[in-house]
Amino acid sequence: MVSAVFHGPLEAATAARAAAEPSRDLTAPASAAAVPAPPAATRRRAIDWRGLWLRVLPPVLGMGFLVLVWELVAHFSGNSFPRPLETWQQAVEVFSDPFYRTGPNDQGVGWNVLASLQRVGLGFGLAALVGIPLGFLIGRFAFLSRMFNPLISLLRPVSPLAWLPIGLLIFKGANPAAIWTIFICSIWPMVINTAVGVQRVPQDYMNVARVLNLSEWKIATKILLPAVLPYMLTGVRLAVGTAWLVIVAAEMLTGGVGIGFWVWDEWNNLNVKNILIAIFVIGIVGLLLELALVKLASAFTFEEVQS
C-alpha cells in the first residue's frame, strides 16, 4: 500500500534550501575552520625609502655645498682663512673641556652660552609679562589701539644697539643694560601679534559673550585666549629669535661673559677658527630654541605649526 505525503509551502521551501546547501561534515574538528587573517595594523609596515631619501639627501647636499664654498674661500684667501678641517680640529679641542674657568674673562664656551641664555631668558621673560597683556588690551579696546599704535610704529624700527646706551645710562651696569636691550626689542612681536589675534576673533563670539553678560575676565580667559593662542605663540617665536640676535651684538659692546663677548675676545686675539666655531654655536642654539617653541606651539594649538 502506497501512502501519499503532501507538504505545505513553508515546508517545501525549507526542503529546497536544505537540498541546495552543500553537505558539511559535522564531525570535523573545530581547528579545521578557516583562521581569520591578522588585522592590517599588526602587519609590518614597509619602510618608505623614497621619503627617507628625500628627507636626508637635501640637508646633506646643503651642508656639502657650504663646506665646498668654505674650502674655496680658504683656498683663494692665501691660507689666511681657516679651512674646514682645521676648524673641526679646533672645535674638538674647544668642546673637549667647554666648562673650564681660569679667570673672570677666560672661561669655556659652555659658560659663555649659559650666560647668554640667562640674559635672554630674563629679558624675554620680562617682555612676555608686559607684551602679551598689553597686546590683549590694545586688541580689545579701540581707544588703547589708537593710543599705542603710533608709539609702536615709532619705536619698533629702532635698531637694537641704539637702546644699549640708554640702558647703560639708566641701569649703570653692562648686564642689566643687555637685559634691557633684549626686553625692548623682544616686546614688539608679542604685542603686535597678540593684538592682531584679538582683533581677528569672530564677532559672533563677542556677541554671544554680550548676550550671556560675561565679565571681562571671562571673555579674556574663555573666549579670547583660546582664539588668540596661535597668534600669541607666533609672536613668541619671533621674539625669541630677535632676543638671541640682539644678545650677541649687545655682549660684544658690554663685555663680560657671553657668547658675543667670546666672539669679540677671539677677534682681538686674531683666533678666526674660534670665531667660526662661535658662529656655528650661535646658529645651533638658535635652531634649538626655534624647534622647542615649534613643539610648544604644536602642543597648545590645533593648527599645524610650520617651522
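Counting only residues that are in a loop (DSSP other than H, G, I, E, B), hydrophobic (A, V, I, L, M, F, W, C) and open to solvent by less than 80 Å² (accessible area, probe 1.4 Å), how many does segment 69-100 have? It would help to see each step written out before you state the result.
Of segment 69-100, the ones in a loop (DSSP other than H, G, I, E, B) are 77-83, 95-100.
Narrowing the set further to residues that are hydrophobic (A, V, I, L, M, F, W, C) leaves 81, 95, 99.
Then keep just the ones that are open to solvent by less than 80 Å² (accessible area, probe 1.4 Å); that gives 81.
Residues meeting the conditions: 1.
Looking only at segment 291-299, decide whether some residue is in contact with a helix residue (DSSP H, G or I) (Cβ under 6 Å, 6 or more places away or on another chain), at pLDDT below 90 and over 23 Å from Leu168 (Cα atoms). For segment 291-299, residues in contact with a helix residue (DSSP H, G or I) (Cβ under 6 Å, 6 or more places away or on another chain), at pLDDT below 90 and over 23 Å from Leu168 (Cα atoms): present.
For segment 118-146, filtering for residues that are more than 27 Å from Ala178 (Cα to Cα) and out of contact with any helix residue (DSSP H, G or I) (no Cβ under 7 Å at 6 or more places or on another chain) leaves 4.
Among the helices (runs of 4 or more DSSP H) confined to segment 189-294, the ones with at least 1 residues that are of a type outside the set (A, V, I, L, M, F, W, C) and closer than 23 Å to Phe99 by Cα are located at 225-254, 259-268. Mind checking whether some residue in segment 224-245 is buried (at least 16 other Cβ atoms within 10 Å of the Cβ) and over 25 Å from the mean Cα position of the chain (by Cα)? No, every residue in segment 224-245 fails to be buried (at least 16 other Cβ atoms within 10 Å of the Cβ) and over 25 Å from the mean Cα position of the chain (by Cα). Do we have Leu212 as without any contact (Cβ under 8 Å) to a residue 60 or more places away in the chain and open to solvent by 40 Å² or more (accessible area, probe 1.4 Å) here? Yes; evaluated as a whole, the condition is true for this residue.
The values are calculated or read from the model by the stated rules, or taken from the named source; none is laboratory data. All values derive from a computational prediction rather than experimental measurement. Quick reminder, even Gly has a Cβ in these numbers, built from the backbone with ideal geometry, and neighbours come from all protein chains shown. Accessible surface areas use protein heavy atoms only, side chains included; no ligands, DNA or RNA. Shrake-Rupley method; radii C 1.70, N 1.55, O 1.52, S 1.80 Å.
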